[in-house]
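Here the structure comes first, spelled out in structure tokens, and everything after it is commentary.
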Protein chains: 2
Amino acid sequence: MGTNAARTDYHHGDLRSTLVLAALEMLEAGEPFSLRAVARRAGVSTAAPYRHFADREALETALAVHGLRELTSDLAAGTDPLVSAVEIGELAVGYVRFALRRPALFRLMFGRACDDQDDDRVRAARALHDYLEAVMTEIFPQSDPAPLATAGWSLAHGLAFLHLDGKLPSTDPVAIDERVRSTFAAVLPPAARPGIEEP
Amino acid sequence: MGTNAARTDYHHGDLRSTLVLAALEMLEAGEPFSLRAVARRAGVSTAAPYRHFADREALETALAVHGLRELTSDLAAGTDPLVSAVEIGELAVGYVRFALRRPALFRLMFGRACDDQDDDRVRAARALHDYLEAVMTEIFPQSDPAPLATAGWSLAHGLAFLHLDGKLPSTDPVAIDERVRSTFAAVLPPAARPGIEEP
DNA sequence: GCATAATGTTAACATTGCTTACATTATCGG
DNA sequence: CCGATAATGTAAGCAATGTTAACATTATGC
């Protein structure tokens, strides 16, 4: 109990998870999202969520953590044995697809300042960054991976947001995938060849 | 008048501009922003803004248009005779600086879907895109400028947002500038040399 | 000058985030 | 096994917000 209250089985039975789930469903459905609406959907009183989240922002942080983890595992699962530079483009395609598939969640994850007080959130964000850096290290063993990871993440992130905002044409999903690939190709073509022996 | 009501001089004297200005000041000051608060600051009743903006979103769209124009002219003024590929990095530095200097405004400009109904907003967004494409055309005359413009914009945009969100360390402004430069250098090094004769 | 449309005001409604006081029930020490 | 206690949920209410409707006022065109 106390800090580690995650599996408790009280009046409602792990209301906290229920609330997060309800909020995720509402985000997915594109419905506007409010603490009261979430409580309603969970079949619980207006004030009940405040037993589990300090305020609205705390719920949003929990949702962001969920999204960050899902995105990270999505990317890792999509292209597991990263070998060629081409696959970086595929990684970016996965990133942009995630953003367009879950626009509201994506905006929650990246739309506001990272809550540095929340350990879970900081960890989840760093896990994503570390994964990208590891991939870059594997693909470009002779270059400094840090700027490459920053570049790759920023590029994918910018593509995701600009498509989300309608700043780049975003009607045809196939065209989007192609644009992401060609953008990465335009920028990372003189990459290291695969199969380089480790130094 | 009618649609072109911009310079009218009624009871208050161009309340519309006053509201936009008041809202911008509040954004700049980091204050939370509400229609009522804007009306209060403009010294006008709660319902007055509805004579000039259909709803809150309409005001936000006006602010976004303002911000897009300012950003575009900022960039164009900062580096006027674009010549070398290095300057693209400087362009990105200006972009990221703008985002960090006006975080709330930047989020308004790019945080939600581009209101395709609003001609001003569509035009302002396209003007920015066209400017970037023109720069790319000038610098890389032999390459297809479209993917390069997309890549440059996305990269700068992603850097801006990741810094804004605290996903990349954002305490020291000088370090940020340097990171933006090195990121662009890591990705656009084999650029065309300056001084290429026009084809 | 006067009809009329443009602009601003007052008052109200529904919804929201949040708090306070209270009710209920799980858990634990005896 | 039982009662104290803390964890959890509820009811009611406050202040703020977006929005609208009904009304007042002033500028503008005939």
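Evaluating residue B:72 against the criteria (1) in the same structural domain as residue B:122 (by TED's automatic domain parsing); (2) near DNA strand D (Cβ under 8 Å from one of its atoms); (3) among the β-branched types (Val, Ile, Thr) leaves one unmet condition, (2). For segment B:103-114, residues that are open to solvent by 40 Å² or more (accessible area, probe 1.4 Å) and in a loop (DSSP other than H, G, I, E, B) total 2.
Scanning segment A:134-146 for residues that are crowded, with 18+ Cβ neighbours inside 10 Å, within 12 Å of chain B (Cβ to nearest Cβ) and part of a helix (DSSP H, G or I) yields A:136, A:145. Restricting to segment A:97-120, name every residue that is facing chain B (nearest Cβ under 10 Å) and at pLDDT 90 or above. Selection gives A:103, A:107, A:109, A:110.
Cβ-Cβ distances below 8 Å connect the following pairs, each with a first residue in segment B:40-63 that is open to solvent by less than 40 Å² (accessible area, probe 1.4 Å), a second residue that is among the aromatic types (Phe, Trp, Tyr) and within 13 Å of DNA strand C (Cβ to nearest atom), and a separation of six or more residues or different chains: B:59/B:53; B:62/B:53.
The residues listed here are B:166, B:158; of these, the one that is surrounded by fewer than 23 Cβ atoms within 10 Å (Cβ to Cβ) and within 7 Å of chain A (Cβ to nearest Cβ) is B:166. Here the condition is being away from DNA strand D (no atom under 16 Å from the Cβ), more than 12 Å from chain A (Cβ to nearest Cβ) and open to solvent by less than 60 Å² (accessible area, probe 1.4 Å); of B:27, B:91, it holds for B:91 alone.
In segment B:1-92, counting only helices (runs of 4 or more DSSP H) that sit wholly within it, the ones holding 1 or more residues that are at pLDDT below 90 span B:56-78. Tell me, which residue of segment B:64-75 that is touching a helix residue (DSSP H, G or I) at 6+ places or on another chain (Cβ under 6 Å) and among the small types (Gly, Ala, Ser) is surrounded by the fewest Cβ atoms within 10 Å (Cβ to Cβ)? Ranking the candidates gives B:67 first.
Per this entry, residue B:51 is not counted among residues that are under 25 Å from residue A:166 (Cβ atoms), in contact with a Leu (Cβ under 9 Å, 6 or more places away or on another chain), charged (D, E, K, R) and within 14 Å of DNA strand C (Cβ to nearest atom).
Given the criteria open to solvent by less than 40 Å² (accessible area, probe 1.4 Å) and at pLDDT below 95, does residue B:189 qualify? It is false that residue B:189 is open to solvent by less than 40 Å² (accessible area, probe 1.4 Å) and at pLDDT below 95.
The values are calculated or read from the model by the stated rules, or taken from the named source; none is laboratory data. Keep in mind it's a predicted model, so treat the numbers as computed, not measured. Reconstructed Cβ throughout: ideal geometry from the backbone, glycine too, with neighbour counts over all protein chains shown. The protein model used for the area step is the full one, side chains on, heavy atoms only, and it has no ligands, DNA or RNA in it. Shrake-Rupley method; radii C 1.70, N 1.55, O 1.52, S 1.80 Å.
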